[in-house]
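Here's the structure, in structure tokens; my notes come after.
No value in this document is a laboratory result; all are computed from the given coordinates. This structure is a prediction, so every number in the text was calculated from the model and none was measured. Heads up, the Cβs are rebuilt from the backbone with ideal geometry, glycines too, and the neighbour counts pull from every protein chain shown.
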Amino acid sequence: MNKKVYIETYGCQMNVADSEVVVSILAEAGYVQSDDIKSASLILINTCSIRDNAEQRIWGRLKDIGHLKKRNKELRIGIIGCMAERLKEKLLETEKLVDIVVGPDAYRELPMLVAEAEAGHKAVNVLLSREETYADISPVRMDKNGVSSFVSIMRGCNNMCSYCVVPYVRGAERSRNPESIIREANELFNNGYREVTLLGQNVDSFNWKTESETIGFHQLLEKVALISPLLRVRFSTSHPKDISDELLYTIARHDNICRHIHLPAQSGSSRILKLMNREYTREYYMERITAIKKIIPECSLSTDMITGFCTETDEDHKESLSLMEWAGFDFSYMFKYSERPGTKAARKLEDDVPEQIKSARLSEMIALQNKLSIKAKKSDIGKTFEVLVEGVSKKSSEQMSGRTSQNKVAVFPFTGCRKGDYVKVYIERCTSATLIGKSI
Ligand code: SAH
Ligand code: SF4
Ligand code: F3S
């Protein structure tokens, strides 16, 4: 009989994609994935270190699942991913509950490490790699809808944003062999998937050299788009300093490359951007947004913002708000700055903005974004969008739900369509989160 592994995933889409690789690798050791934590003999937590509160949540969760060990002596618990990489053996010392610690580049060792843990030993591997991309491993899909999936195209990060822990926990940047990427996207399409999201910390710096050619991100994107006009292609994340006009023209040429760009600004103040080591100014960021709006007029825009970074003044904060207002982002992910041990900001700059001010600035920013989101949705009323159907709406079984190319959720009355279909939807009204319309 197969042993059961229960895996819980925190953090970004990269971790979601990695968990699918992990389940695939564990099949070798006789494990099948289960959604029932109580029947599992192995529990893995794929962790995130991006902010302190992300780690705190995971500590809390670990305490919660600890009691399962009292009832089941065979149960093994593993911490994998970014927090495993950051804390290494320390995790075993501080947490008696943990049996296995594995960093993001060592997942191929899992069958061996799990066997060690089953034999009653503690097992650790947190070596980072310059080559590992898991290119040959077919992920076991864990998405719920069977319509959209992630495809990892690179790992690690070579940027050194001063606040960010990712380069330390994910290692150096490396691109995955494009042939294996195309193969995986093709397989997904043949299995009924209609949307792939190409993932990397900085997709614009994708780079693969063969003897005859160099494949950059825009070429890779085009190759994936050419698999079928029925396959939507998304990507995340672009870096403002690297996003090229060639990429924008490639998107404009292919209807199935989605009209949505996530372009994290982090701050609207050039002084703060310099301290963050983002390598662009406010003006440069604005120029890139202007280029997007010109080359892909129907493109939606989203961003990431940090409030209360070291030395941030009210003036700097106002510049962040005014940049958001100017760009008119459709949505944003907004965070309070959280100092991460070992990063350049932690070593060189003082985390000097009081918590209260960070929070107040964040609230103000969220309120602004809500206003912008509603404004953007209202401007969609009266337009018709092609919606990729993802299934029955959560709120009502008579409504279907899907997304527009711009990545906005749209619902419309059931009309005999199935998930994976494309339906033209005329938008009649909206809420703050959803476009509401009818199929035509
Ligand atoms: N590679 C991507 C995403 C990195 S992590 C990029 O460069 O955009 C996702 C987001 O978390 C970042 O864009 C940033 O806004 C936020 N973030 C990263 N480190 C943080 C920190 N120390 N404190 C608060 N937010 C942080
Ligand atoms: Fe972190 Fe910057 Fe790399 Fe993004 S680009 S992962 S923010 S170091
Ligand atoms: Fe978190 Fe690691 Fe992603 S730190 S945001 S899970 S790369």
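Counting only DSSP beta bridges with both residues in the stretch 178-256, what percent are antiparallel, rounded to the nearest 5?
40 percent
What is the antiparallel percent of DSSP beta bridges lying wholly in the stretch 387-440, to the nearest 5?
90 percent
In the stretch 100-155, which GluC sites (Glu not before Pro) are in a loop and have at most 16 other Cβ atoms within 10 Å, using DSSP for the loop call?
Glu131
Give me the number: length gained by fully extending Glu350 to Ile440, i.e. 0.36 nm times residue separation minus the C-alpha to C-alpha distance, one decimal in nm.
My answer for the length gained is 26.7 nm.
With charges only on Cβ, +1 for K and R and -1 for D and E, what is the dipole size of the stretch 210-362 about its Cα centre, in debye, rounded to 20?
Here the stretch 210-362 has a charge dipole of around 180 debye.
For the stretch 245-252, what does the Karplus curve 6.51 cos²θ - 1.76 cosθ + 1.60, with θ = phi - 60°, yield as ³J(HN,Hα) per residue in whole Hz, taken in order and with x for Gly and Pro?
4, 4, 4, 4, 5, 4, 4, 4
The stretch 331-440: which trypsin sites (Lys or Arg not before Pro) are DSSP loop and have at most 15 other beta-carbon atoms within 10 angstrom?
Lys383, Lys394, Lys395, Arg418
If the reach is capped at under 26 angstrom between alpha carbons, list the lysines near Lys69, excluding any in the same chain fewer than eight residues apart.
Those lysines meeting the cut-off are Lys3, Lys4, Lys38, Lys88, Lys90, Lys96, Lys122.
Nearest-5 percent of antiparallel DSSP beta bridges in the chain?
Here the share of antiparallel DSSP bridges comes out near 35 percent.
If amide hydrogens are placed 1.01 Å from N in the peptide plane, which non-local residues have theirs closer than 5 Å to the one on Ser152?
Leu199
Tell me which GluC sites (Glu not before Pro) from the stretch 280-385 have a DSSP coil assignment and no more than 11 other beta carbons within 10 Å of their own.
Taking the stretch 280-385 and a limit of 11 other Cβ atoms within 10 Å, the loop GluC sites (Glu not before Pro) found are Glu350.
Can you list the residues, at least 5 places off or on another chain, whose amide H is less than 5 Å from the amide H of Val387, using H built in the peptide plane?
Val423, Lys424, Val425
Could you tell me the distance between the Cα centroids of the stretch 353-401 and the stretch 1-59, to the nearest Å?
The stretch 353-401 and the stretch 1-59 have Cα centres separated by 29 Å.
In sequence order, what are the phi-derived ³J(HN,Hα) couplings for the stretch 431-437 according to the Karplus relation 6.51 cos²θ - 1.76 cosθ + 1.60 with θ = phi - 60°, rounded to whole Hz, with x for glycine and proline?
Result, rounded to whole Hz: 10, 5, 10, 9, 8, 10, x.
Let me know the volume per residue of the alpha-carbon convex hull for the stretch 170-224, in Å³.
Residue-normalised Cα hull volume stands at 92 Å³.
Can you give the extra length, in nm with one decimal, that the chain gains between Lys63 and Arg183 once fully stretched, where that is 0.36 nm per residue apart less the Cα-Cα distance?
39.1 nm
Between Asp204, Asp143, Asp316, which gets the highest mean-square fluctuation from a Gaussian network model of the chain, Cα cutoff 10 Å?
The residue that fluctuates most here is Asp143.
Mind listing the long-range amide H neighbours of Asp351? Cut-off is under 5 Å, sequence gap 5 or more, other chains count too, H placed in the peptide plane at 1.01 Å from N.
Sorted by chain and number, the residues that satisfy this come to none at all.
Taking the chain as a whole, which cysteines find no other cysteine Cβ under 4.7 angstrom from their Cβ?
Cys12, Cys48, Cys82, Cys157, Cys258, Cys299, Cys310, Cys417, Cys430
Between Met160 and Thr94, what is the spin-label point distance in nm, taking each point 7 Å from the Cα along the Cα→C-beta axis?
So the two model labels end up 2.6 nm from each other.
Suppose each label sits 7 Å from its Cα in the direction of the beta carbon; what would the Lys318-Lys375 distance come out to in nanometres?
Taking the simple label geometry, Lys318 and Lys375 are separated by 1.8 nm.
Using the Cα atoms of the stretch 154-290, I'd like the radius of gyration and the largest Cα-Cα distance, Dmax, both in angstrom.
Calculated on Cα positions, Rg and Dmax stand at 15.8, 49 Å.
By its C-alpha gyration tensor, with a ≥ b ≥ c as the square roots of the eigenvalues, how is the stretch 129-215 shaped: rounded for a/c under 1.5, else prolate for a/b larger than b/c, else oblate?
oblate
Using the Karplus curve 6.51 cos²θ - 1.76 cosθ + 1.60 with θ = phi - 60°, work out ³J(HN,Hα) for each residue of the stretch 272-287 in order, rounded to whole Hz, and write x for Gly and Pro.
Result, ordered by residue: 5, 4, 5, 5, 6, 6, 7, 6, 8, 9, 3, 5, 5, 4, 5, 5 Hz.
Can you tell me the dipole magnitude for the chain around its Cα centre, using point charges on the Cβ only (Lys, Arg +1; Asp, Glu -1), in Debye to the nearest 20?
Magnitude of the dipole: close to 1080 debye.
When the chain is modelled as a GNM with alpha-carbon springs shorter than 10 Å, which of Ala346, Ala327, Ala115 fluctuates the most?
Answer for the Gaussian network model of the chain: Ala115.
Using the Cα centre of the chain as origin and beta-carbon charges of +1 (Lys, Arg) and -1 (Asp, Glu), tell me which of Ile427, Ser332, Gln56 is placed farthest towards the positive end of the dipole.
Ile427
Can you divide the C-alpha Rg of the chain by 2.2 N^0.38 Å and report the result to two decimal places?
The chain yields a ratio of 1.01.
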